[in-house]
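**Student:** Here's a structure for you.
Just so it is clear, none of the values below were taken in a lab; they were calculated from the coordinates. Being a predicted model, the structure only gives us computed values, none of them experimental. Glycine gets a Cβ as well: all are built from the backbone with ideal geometry, and neighbour counts include every protein chain shown.
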Amino acid sequence: MIAPRVAALAAVAAFLAACQTVPGGGRSQLLLVDDDLLAREAGAAFAQLPRARDDAQLARVRAVARKVVAAARTCPVYGDPDLPPPERWEVVLIDDPTPNAFAMPGGRIGVHRGMLPLLPTEGDLATVLSHEVAHVACRHGAERVSHSLVAALGAVAVDQAMADKPSARRQEVLAAYGAVATLGVLLPYSRGHEEEADRIGLAYMAHAGYDPAAAVAFWRRFAASKQQGGAPEFLSTHPSDATRIRNLEAMLPEARAIRDRATPQRASTPPTGASR
Ligand SMILES: [Zn+2]
């Protein structure tokens with residue numbers, strides 16, 4: 001979805017190199033691009049996606065998205081106050097029959113109409129939206145692009161190092177680097193990113209007041225629907241069902257503690273103007 005404009009990004013990278021930690025402070029990450037750049041790159045593509053017309057479903061998705069985003073900004077330990085406030089997020093239904101959903105830096109969420117039959121309850125919606133918003137809070141898109149940039153910048157160094165080698169061999173090595181750089185942008189999130197988004201997404205949905213056990217139920221049901229031949233695309237970008245469900249179950253106590261701390265009466269929308 002994000003065009004691999006590696007040459008332009010490489011120039012930017014020299015100015016933006018930064019190290020950051022993911023929400024919760026567990027892991028530091030190398031970020032060579034920032035989310036503003038990704039938001040601009042991805043925003044144009046987002047605007048081109050065909051919208052599905054279903055006002056009732058759209059209202060339902062937007063209501064849950066607002067709660068999830070508000071929780072993602074204020075969640076203890078894992079919250080990211082730099083996320084845009086809920087009212088600034090653009091939430092749309094995409095006219096696409098494949099079961100998929102995504103969130104982008106800059107505050108954009110898309111849910112394919114093919115995903116809706118798999119999301120009959122609010123808990124199901126909260127599970128998927130929290131997971132996708134967690135990818136954004138963790139800057140996974142920027143990290144993925146950064147890794148592909150390292151590969152691209154590495155190619156320059158390799159080319160110089162091989163300046164005295166036969167041209168054919170040089171082309172072979174560069175082609176290998178190029179493949180890595182491209183895949184870094186086009187491939188789905190890594191397994192590590194998925195597990196991180198599962199853990200942090202579970203915290204977000206719990207802080208929003210949803211029962212985190214709904215996430216386990218959702219993924220179980222989703223796994224069953226895959227075995228019946230449905231839901232290939234969304235699932236294929238995610239870890240194995242058994243691993244995911246086992247990990248989520250292990251995270252339930254922490255998520256329940258977060259939900260117990262969240263007061264049911266708290267405002268679902270934080271004050272505006274507190275962040276970008
Ligand atoms: Zn994911």
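**Student:** Taking R0 as 35 Å, what FRET efficiency do you get between Glu90 and Ala250 from their Cβ-Cβ distance, rounded to the nearest 0.05?
**Tutor:** Using R0 = 35 Å, I get an efficiency of 0.55.
**Student:** May I pose another question? Would you mind checking which residues have amide H under 5 Å from Arg108's amide H? H placed 1.01 Å from N; only 5 or more apart, or other chain.
**Tutor:** Glu90
**Student:** Note down the nm distance, to one decimal, between modelled labels 7 Å out along Cα→Cβ at Ser190 and at Ala257.
**Tutor:** So the label points at Ser190 and Ala257 sit 2.8 nm apart.
**Student:** Taking 25 Å as R0, compute the FRET efficiency from the Cβ-Cβ separation of Asp241 and Gln57 and round it to 0.05.
**Tutor:** 0.45
**Student:** OK, next. Ranked highest first by the average count of other Cβ atoms within 10 Å around their residues, in what order do 249-258, 212-221, 131-140 fall?
**Tutor:** 131-140, 212-221, 249-258
**Student:** Hey, another quick one. Provide the net charge surrounding Ser190, with neighbours chosen by a C-beta distance below 15 Å and charges set as Lys +1, Arg +1, Asp -1, Glu -1.
**Tutor:** Once all neighbours under 15 Å are counted, the net charge is +1.
**Student:** Follow-up question, since we're still on this one. Where Lys and Arg each count +1 and Asp and Glu each count -1, what net charge lies around Arg113 among other residues with Cβ under 11 Å from its Cβ?
**Tutor:** Net charge around Arg113: -1.
**Student:** In addition: Label Asp82 and Ala45 with points 7 Å out from Cα along Cα→Cβ: what is the distance between them in nm?
**Tutor:** Placing both labels 7 Å beyond Cα along the Cβ direction yields 2.1 nm.
**Student:** Could you sort the peptides 97-107, 79-89 by per-residue average Cβ neighbour count (10 Å cutoff), highest mean leading?
**Tutor:** For the peptides 97-107, 79-89, the packing ranking is 97-107, 79-89.
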